[in-house]
Amino acid sequence: MTSNAFALKSQMIPLTVIEFTSNDEQAFEQQIAQKVATSPALFDRMPAILGLDELEPVTESLVQKLLFIIRKNNILPIALRGSDTLQSLAQKLDLAWIPPGRKKLQKQAQKAKASIEANESSEKSGEGIENTPSPKIEEAVASTPTEQLELSSPEASSVEDTPEAPPADSRSSEVLIQNTHIPAKVISTPVRSGQQIYAKDTDLIILSQVGQGAEVIADGNIHIYGTLRGRAIAGASGNQQARIFCQSLQAELVSIAGIYKVSDDLPSDQLGQSCQVGLKENNLHIDTL
């Protein structure tokens with residue numbers, strides 16, 4: 001009897017979702033081109049999901065245009081995410097379909113509750129009854145995770161609670177810089193094949209190794225206190241001053257602000273050495289530490 005030719009396994013694989021917040025395909029074309037230009041190695045044949053949850057209406061013509069723009073930038077769309085009305089369109093376009101995320105479903109539920117509450121209030125006001133919201137609906141809305149996040153966010157703070165801004169002098173500028181500093185993202189466990197770690201607007205510190213097939217990305221510097229076998233992309237938002245530090249360089253790819261080298265381009269005498277990677281005169285340089 002022959003052995004099984006395959007096995008089905010479930011894996012948590014990180015994928016990029018392009019969340020659309022506007023139907024303006026021209027604005028998207030301009031903005032995605034600018035984003036890709038800052039780090040072409042990051043987007044090169046990158047699989048992506050189109051998050052269409054927030055768009056209304058979603059027409060076939062619009063989706064076709066978005067797909068054309070995405071593919072023109074060398075990104076590989078693999079699925080549409082949105083309401084079940086997109087299932088037939090996804091099948092027609094030979095793409096997978098993914099139902100809306102939990103956050104979108106919560107918003108839909110809140111919108112429905114708000115509509116019911118408004119109708120009840122309208123009926124009561126028409127009968128001359130004091131306009132008070134339904135306690136059950138109010139309690140349900142307040143208990144949703146989305147509402148709690150909104151209340152705890154800076155944007156939800158009352159204007160009256162906002163302290164008066166200090167005079168614009170050198171001291172206030174120093175305070176502002178300190179308050180807007182974002183601490184580095186620290187990962188203490190190995191980054192394994194298939195994993196992707198991204199430190200947005202800050203540095204990334206890895207206290208272990210980065211395995212082959214793994215990807216670590218930061219808008220700032222990347223520090224790896226172990227072996228780098230996967231891909232490291234620093235200055236992902238275009239910061240040319242960013243650097244990559246690692247204790248043992250065996251990378252598949254290293255990139256600073258979109259300028260990169262793959263494993264075949266790395267100097268053989270620096271493989272396995274403690275190195276730093278940076279830009280000099282718009283060229284990628286690797287120095288032994």
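Going by the conditions given, is VAL186 at pLDDT 90 or above and surrounded by 19 or more Cβ atoms within 10 Å (Cβ to Cβ)?
Taking the combined requirement at face value, the residue does not satisfy it.
Taking the stretch 32-70 on its own, how many of its residues are within 15 Å of the chain's Cα centre (by Cα), assigned to a helix (DSSP H, G or I) and not charged (D, E, K, R)?
So the answer is 4.
Looking at LEU62, LEU42, LEU86, LEU67, which is the one that is over 24 Å from VAL254 (Cα atoms), touching a residue at least 12 places away in the same chain (Cβ under 8 Å) and surrounded by 17 or more Cβ atoms within 10 Å (Cβ to Cβ)?
LEU86
Looking at this structure, is GLU281 surrounded by 19 or more Cβ atoms within 10 Å (Cβ to Cβ) and closer than 26 Å to GLN34 by Cβ?
Here the answer is no, as GLU281 does not meet what is asked.
Which residues, counting only those in the stretch 263-278, are at pLDDT below 85 and either among the β-branched types (Val, Ile, Thr) or surrounded by 13 or more Cβ atoms within 10 Å (Cβ to Cβ) (or both)?
SER263
Residue-by-condition table, conditions (1) at pLDDT below 85; (2) among the acidic types (Asp, Glu):
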| position | (1), (2) |
| --- | --- |
| PRO14 | yes, no |
| GLN26 | no, no |
| GLU29 | no, yes |
| GLN34 | no, no |
| GLU60 | no, yes |
| GLN64 | no, no |
| THR85 | no, no |
| TRP97 | no, no |
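The values are calculated or read from the model by the stated rules, or taken from the named source; none is laboratory data. If you're wondering where the values come from, they're calculated on a predicted model, not measured in any experiment. Cβ atoms come from the backbone with ideal geometry, glycine included; neighbour counts cover every protein chain shown.
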